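Comments concern the structure below.
The values are calculated or read from the model by the stated rules, or taken from the named source; none is laboratory data. Worth saying up front: this structure is predicted, and the values here are computed from it rather than measured. Virtual Cβ from ideal backbone geometry, glycine too; neighbours counted across all protein chains shown.
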Amino acid sequence: MLLDRLEDYYLYFCKRKSGWCILFCIALFTGIGLIILSSASLSFIKSESYFFKQLSWCAFSAPSFLVGCFVDLKFLKKYSTQILFVLFVTLILVLIPGIGRMVNGSRRWITVGGNNVQVSELAKIGVIIWVAKYINNNCHNGQLTIEKFVMPLGITGIICALIFLEPDYGTAILIGSVAFTLLFLAGSKLRYMVITMALGLAGILLLIYFNPTRMRRITAFLDFEGNKLGGAYQLWQGILGFVSGGLFGRGLGEGRQQIMYLPEPHTDFIFPILSEEMGSIFSCALLVCYFLFFTSSMFAASNLKNKFSKFMSYGISLTISYQVVINIGVVTGLLPTKGMVLPFISYGGSSIVLLMLMIGLLLNALSSEIRSYDKDRDQYGISGVHNRHMRDLLEA
């Protein structure tokens, strides 16, 4: 079994450029993240503790990546409901004082082996796997009926509600948006989508309105220059970082905003630090690489025949890409301030371990059909393979 999977990966990387593109982007993001963390750490805490912590987390994420690469996808599909239930129970435990650990007013972590584990991070992949299985089992003729559309939204809504209570609005909105997009790609009718979007937006606005902290963030976002010494202080300092860096940057370790000006420069607001030290041209090139990852992974996933593998791959690509959009939107003032790390670059143990697991699962899914495709090509020829795959899609 292991030798077969290794052969699948060998064939995949020999014959598909998408796999190399994905690996290149991930290695690039992780390397840049370590460099910027080293620079930022030396500036704002005068030591390299955050750099070495992140380096150790990267090493620890290697087994996570291998698990994703070699786990049996049929096993995940079979036990997806049980996995989601365990995450549901854990999300409840996080909210219980004495079990869940509170940091900066939010109860999002459980301490395991001396390390803080953010359960909502694990919920991302749990929801993706469950929704992918649901679509595989219930999406016939390229569309979902109203009953089958409401069911996954309800389950996802329960998970998101628990995450809202932590509170962690950003992760809840991210998970809900990914599930919603997967149902759209599965063929849900437009009127279902519009009604759901309207109800979801109204619910989020009500939650924000009755939460004074979130409401202050919204008002500060609407006039961040007028609130630059108050609720929009972090955003204002981030904007100054972009301006200070110019086109070519001030140089590694030469940034000023991270020296007691910009709070938490190693997590949510690491992109302004990167831009200040490396310059706007480098920052834009990095965003192009994120876009390259998104297009490569989505295009590769669209060619998969197996619905479960296809929609799980879609979900992974969308989760990482949406997270990038939210983080960049926040630090540039296009979205209200919300704690959302920049994938592979910001500091965070739970984040990097989960991201590497997701990349392993993505490559697992993309490489799983390479052997059957080659067998079909030998039997039917190039045009025959295309016709046979089209027939399989129509019959699905």
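Numbers for the structure displayed
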{"read-out": "Residue match in region 74-82 (condition: out of contact with any Gly (no Cβ under 8 Å at 6 or more places or on another chain), outside any helix (DSSP H, G or I) and within 23 Å of Y134 (Cα to Cα))", "value": "yes"}
{"read-out": "Residue check for F291: modelled with pLDDT of 95 or more and within 21 Å of L274 (Cα to Cα)", "value": "yes"}
{"read-out": "Hits in region 194-222 - residues which are among the β-branched types (V, I, T) and surrounded by 13 or more Cβ atoms within 10 Å (Cβ to Cβ)", "value": "T196, I204, I208, I218, T219"}
{"read-out": "Some residue of region 243-251 being of a type in the set (S, T, N, Q), surrounded by 16 or more Cβ atoms within 10 Å (Cβ to Cβ), outside any loop (DSSP other than H, G, I, E, B) and modelled with pLDDT of 75 or more", "value": "yes"}
{"read-out": "Count of residues meeting criterion [under 22 Å from M278 (Cβ atoms), in a helix (DSSP H, G or I) and at pLDDT below 85] in region 1-52", "value": "11"}
{"read-out": "Qualifying position, being over 23 Å from the mean Cα position of the chain (by Cα), more than 28 Å from E369 (Cβ to Cβ) and not charged (D, E, K, R), among I92, I110, I146", "value": "I146"}
{"read-out": "Lone qualifier among T267, T219 - being assigned to a loop (DSSP other than H, G, I, E, B) and within 21 Å of P336 (Cα to Cα)", "value": "T267"}
{"read-out": "Pairs, first within 22 Å of F221 (Cα to Cα) and among the hydrophobic types (A, V, I, L, M, F, W, C) in region 238-261, second in a loop (DSSP other than H, G, I, E, B) and at pLDDT 85 or above, C-beta under 9 Å, six or more apart", "value": "I239/T332; F242/T332"}
{"read-out": "Matching residues, region 270-306, being closer than 22 Å to P336 by Cα, in contact (Cβ under 8 Å) with a residue 24 or more places away in the chain and not hydroxyl-bearing (S, T, Y)", "value": "I270, F271, P272, I273, L274, E276, L287"}
{"read-out": "Extreme residue, surrounded by the most Cβ atoms within 10 Å (Cβ to Cβ), among residues of region 310-334 that are modelled with pLDDT of 95 or more and among the small types (G, A, S)", "value": "G315"}
{"read-out": "Residue within region 125-139 that is buried (at least 20 other Cβ atoms within 10 Å of the Cβ), out of contact with any Leu (no Cβ under 7 Å at 6 or more places or on another chain) and among the aromatic types (F, W, Y) present", "value": "yes"}
{"read-out": "Unmet criterion (only one of (1) over 22 Å from P265 (Cα atoms); (2) out of contact with any Leu (no Cβ under 9 Å at 6 or more places or on another chain)) for S177", "value": "(2)"}
{"read-out": "Residue in region 289-309 that is surrounded by the most Cβ atoms within 10 Å (Cβ to Cβ), counting only those that are polar (S, T, N, Q) and farther than 28 Å from Q54 by Cβ", "value": "S309"}
{"read-out": "Among (1) aromatic (F, W, Y); (2) crowded, with 19+ Cβ neighbours inside 10 Å; (3) within 22 Å of I128 (Cβ to Cβ), the one test that F184 misses", "value": "(2)"}
